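Below: one structure, written as structure tokens.
What follows is calculated from the coordinates using simple rules that are stated; it is not laboratory data. Predicted model, so just to flag it, every value in this text is computed and none were measured. So basically every Cβ, Gly included, is an ideal-geometry build from the backbone, and we count neighbours across all protein chains shown.
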Amino acid sequence: MRIFNRVVMMLLLAGLFVLGVYMVVYAFELFGYSLSSLPFSGFSNGLQGFANDVERGGLSVTTLIILFLLVLLGLLLLIAEFKPPSPSRVRMGNGTYTTRRVVEDEVSAVADEVPGVLGSSVSAKAQRRPGAQVDIEGTVRRGEDVGTIREGLRSTVQEHLSRRGLPVSKLNVKLVEADPRQTKTRVQ
Amino acid sequence: MADGIQLARAASVAALATEGVHSMGRGRFVEAATYEGREKVSGVIVGPEDLEIHIVARYPLPRPIPDIAESIRERVAPEAGGRKTTVVVEDVEVAADENL
């Protein structure tokens, strides 16, 4: 939500800036524009008509659907704002934290050394509970025994992180078959 | 019991003297430091009830990260005055004497 909030704030401030420029132009009657030429009456009439329709309960089905969707969108945004942001650091327990980069570097260091793995890409996510969620995508040669390599990769990474004292709450291993000519390592 | 910048200084010295610590961290999104007057101690944030120590660990790690953190906490405890000490490992750096 932090990025969403920033985008909304940027759009809002840009809109306010443009409106401010318009206000100055119209207020000082610059470039032939004047406040009297603005269609205020048409806008207020439309608003009044909409309010009357709401009071009489005479809104069209399309308007009702749009209003319902707006309420739903508002509710979803409100719930998303209340949701606490995901932590930026990996909790190791007992007042010790580390960054995701440390976990990623440690996993990358051993993942590429597992027999059969030609290359790997690692991403670690911090979670509210102790330990990181680690996603590894390894590349293997076509026709290799993917099951064995996956198990080898999983156990090697788990052992290495356990030696380092880095807790892992979830370890996802995905292997993709690739042409060795396009990978970092051609032979393992 | 030290206070403010003195505690930050003591914590920094204690952390750097711990085996497995390469250097003090600087914070990732916000600078981790304690200021007083013109002096600045990087890698330590002293709060009224807590103390945050940011370090860069030495590679290869001589022992597990929680052990390093525990050693730092033990060294800092006499000066911390009962503050809750948090250790943040920001990075792992290859030491200059390691030919890796």
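Summary table below
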| quantity | calculated |
| --- | --- |
| For chain A, built as a Gaussian network whose Cα springs stay under 10 Å, the top-fluctuating residue of A:29, A:81, A:106 | A:29 |
| Cα radius of gyration and Dmax for the stretch A:1-105 (Å) | 23.9, 70 |
| Radius of gyration and Dmax over the Cα atoms of chain B, both given in Å | 13.1, 42 |
| Averaged over A:96-107, number of beta-carbon atoms from partner chains that fall within 10 Å | 5 |
| Charged-residue dipole, Cβ positions (Lys, Arg, Asp, Glu), the stretch A:55-188 about Cα centre, Debye nearest 20 | 320 |
| Beta bridges by DSSP in the protein assembly as shown, antiparallel share as percent, to the nearest 5 | 50 |
| Overall Cα dimensions of the stretch A:20-64 - principal axes, largest extent first, Å | 44, 16, 12 |
| Estimated FRET transfer efficiency (residue A:25, residue A:3; beta-carbon r; R0 35 Å; 0.05) | 0.55 |
| Inter-label distance, nm, simple model (7 Å from Cα along the C-beta direction), residue A:177/residue A:60 | 5.7 |
| Cross-link table A:174/B:84; A:83/A:170; A:83/A:174, entries beyond 32 Å C-alpha to C-alpha | A:174/B:84 |
| Angle in degrees between helix A:40-56 and the longest Cα principal axis of chain A, rounded to the nearest 10 | 80 |
| Charge dipole (chain B, unit charges on Cβ, about Cα centre) - positive-most of B:24, B:35, B:12 | B:35 |
| Assigned charges on the beta-carbon of Lys, Arg, Asp, Glu; the stretch B:7-73 dipole about Cα centre (debye) | 280 |
| Using a Förster distance of 45 Å, the FRET efficiency for residue A:16-residue A:94 (Cβ separation, nearest 0.05) | 0.40 |
| Acute angle (nearest 10 degrees) that the helix B:65-80 long axis makes with the longest principal axis of chain B, alpha-carbon atoms | 30 |
| Mean Cβ count within 10 Å, highest first, over the residues of peptides A:6-16, B:44-54, A:90-100 | A:90-100, B:44-54, A:6-16 |
| Degrees separating the helix B:4-16 axis from the principal Cα axis of chain B, which is the longest one | 20 |
| Backbone N under 17 Å from the residue A:52 label point (7 Å along Cα→Cβ), restricted to the stretch A:58-92 | A:58-60 |
| Convex hull volume of chain A per residue (C-alpha atoms, cubic angstrom) | 258 |
